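Here is the structure we will look at, set down as structure tokens.
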Amino acid sequence: MKIIDISIPLNNQTIVYPGNVPVSVTLHQSMPESSSASSSITFGSHTGTHIDAPAHAISGALTLDKIPLKNFIGLCRVLDFSKESTESVTKEMLTAKNIKTGERILLKTRNSIRGFKEFYDDYVYLDGDAAEYLAGLESLLVGIDSLSVKKRGGKDHRPHTSLLYKNIPIVEGLNLIDVNEGEYELICLPLSFTDIDGSPARAILIER
Ligand SMILES: [Zn+2]
């Protein structure tokens, strides 16, 4: 069984979306002064590889703990657009991939090639029409390799809202550098916070 880790490592150097809470990990107690080591961790709910709940972009909508865990585990398809120099993933690009109803879809773009050492304003995002298309297909989950599914500063909120209105969780901050287009088993479980708008997750793909 080959496992591919598609999560961004979390530490004090992890980049965050501008304006978000920085990641801070400090030793709370250490050995030998204490009999055990433990750390204090501060981070935002949209840190690193993380999941957006409907409550992230729609007031009064479902929080992350209300999304069934089955959305986060199971067959998924990675679509590779990393060789395209496009600004966003468009509906036309998606329709060429014959996406079926009820799939989990992960979008690989040149964001994964450029890496996650710094934040770039011009990251590849999901176009509004493309998000509506995936929402119409009742996708179980949509993931992308940018810290936001939406254009930086963009006025079109559909990349978030069209999916979240349908209670389709969005995974952001995936690192798909080591992943080829194809079918995998996905495990991407959020931390068990209650009543929250999003949470970091450990995301892995298992080759079939
Ligand atoms: Zn988010």
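What follows draws every value from the coordinates through simple rules; no lab data is involved. If you're wondering where the values come from, they're calculated on a predicted model, not measured in any experiment. Don't worry about glycine lacking a Cβ; one is built from the backbone with ideal geometry, like all the others, and counts go over all protein chains shown.
Descriptive notes on the structure:
- Likely footprinting exposure, Ser7, Ser146, Ser59, Ser34, fewest C-beta neighbours within 10 Å first: Ser59, Ser34, Ser7, Ser146
- Counting only the Cα atoms, the chain fills a convex hull of 132 Å³ per residue.
- Distant-in-sequence amide H partners of Asp145 (H built 1.01 Å from N, under 5 Å): Leu107, Thr109, Leu174
- Modelled FRET efficiency - R0 35 Å, Lys155 with Arg110, Cβ distances, 0.05 increments: 0.90
- Take every DSSP beta bridge whose two residues both sit in the stretch 88-208; close to 45 percent of them are antiparallel.
- Over the stretch 1-123, relative contact order from alpha-carbon pairs under 8 Å, at least 6 apart, %: 20
- Taking the chain and dividing mean pair separation by its residue count, relative contact order in percent (alpha carbons under 8 Å, at least six apart): 32
- Exposure proxy ranking for Leu126, Leu10, based on other Cβ atoms within 10 angstrom of each Cβ and starting from the fewest, stands as Leu10, Leu126.
- 23 Å Cα-Cα threshold exceeded, pairs from Lys83/Lys150; Lys2/Lys108; Lys91/Lys166; Lys97/Lys150; Lys117/Lys155; Lys100/Lys166: Lys117/Lys155
- The order of Glu132, Glu207, going from fewest to most other C-beta atoms within 10 Å of their C-beta, is Glu207, Glu132.
- Separation of alpha-carbon centers, the stretch 23-62 and the stretch 125-164, rounded to whole Å: 25
- Debye log10 I(q)/I(0) at q = 0.16, 0.21, 0.22, 0.27 Å⁻¹ for the stretch 132-185, Cα point scatterers: -0.53, -0.85, -0.91, -1.14
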